[in-house]
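Some notes on the structure that comes next.
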Amino acid sequence: MATAERSFPADHPAARGHFPGNPVIPGAVLLAETLRAIEAGLGVSLASCRIKSAKFLAPARPGDRVAIEFSRSAAGGVRFACAVGTQ
């Protein structure tokens with residue numbers, strides 16, 4: 001199991017409008033950043049990957065740090081989990 005982190009600055013542009021007074025980082029941005037972190041960690045391109053399922057158990061907000069744990073299976077698949085914590 002490998003670990004990576006991504007931080008979302010307080011002024012992250014994706015949070016504007018999602019949602020005024022209660023900003024969150026959109027799920028599509030979270031997944032894109034997760035894939036970039038995994039690509040960097042594994043040294044491979046995941047451009048043609050398919051995400052079979054994703055659950056968002058807690059929102060990521062501007063200013064949050066997201067810890068990403070991931071591993072690659074013998075068959076070439078990748079499993080990951082993200083946990084949100086504040087900076």
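Quick rundown of the values:
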{"item": "The one condition in (1) within 12 Å of the chain's Cα centre (by Cα); (2) over 13 Å from S7 (Cβ atoms) that L46 fails to fulfil", "result": "(1)"}
{"item": "Cβ pairs under 8 Å, 6+ apart, first in segment 19-36 and in contact (Cβ under 8 Å) with a residue 40 or more places away in the chain, second of a type in the set (G, A, S) and open to solvent by less than 50 Å² (accessible area, probe 1.4 Å)", "result": "L30/A60"}
{"item": "Residues of segment 70-87 that turn out to be closer than 15 Å to A32 by Cα and surrounded by 13 or more Cβ atoms within 10 Å (Cβ to Cβ), as a count", "result": "5"}
{"item": "Unmet requirement for I51, which otherwise passes all of (1) in contact with a Cys (Cβ under 8 Å, 6 or more places away or on another chain); (2) free of Cβ contacts under 8 Å to residues at least 24 places away in the same chain", "result": "(1)"}
{"item": "Tally of residues being surrounded by 11 or more Cβ atoms within 10 Å (Cβ to Cβ) and in contact with a helix residue (DSSP H, G or I) (Cβ under 9 Å, 6 or more places away or on another chain) across segment 44-60", "result": "7"}
{"item": "Filter result for the condition that a residue is within 14 Å of A67 (Cβ to Cβ) and open to solvent by 40 Å² or more (accessible area, probe 1.4 Å), over G21, G41", "result": "G41"}
{"item": "Contacts under 9 angstrom Cβ, first residue in segment 61-73 being at positive phi, partner assigned to a strand (DSSP E or B) and modelled with pLDDT of 95 or more, 6 or more apart", "result": "none"}
{"item": "Segment 5-18, subset in contact with a strand residue (DSSP E or B) (Cβ under 9 Å, 6 or more places away or on another chain) and open to solvent by 40 Å² or more (accessible area, probe 1.4 Å), residue farthest from A60 (Cα to Cα)", "result": "E5"}
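Residue by residue, here is whether (1) acidic (D, E); (2) modelled with pLDDT of 95 or more; (3) more than 28 Å from G77 (Cα to Cα); (4) in a loop (DSSP other than H, G, I, E, B) holds:
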site	(1), (2), (3), (4)
A37	no, yes, no, no
A40	no, yes, no, no
K52	no, no, no, yes
P62	no, no, yes, yes
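The values are calculated or read from the model by the stated rules, or taken from the named source; none is laboratory data. This is a predicted model, so every value here is computed, not measured. Using ideal geometry, Cβ is built from the backbone for each residue, glycine included, and neighbour counts are taken over all protein chains shown. Accessible surface is based on the protein model in full, side chains and every heavy atom, while ligands, DNA and RNA are left aside. Shrake-Rupley method; radii C 1.70, N 1.55, O 1.52, S 1.80 Å.
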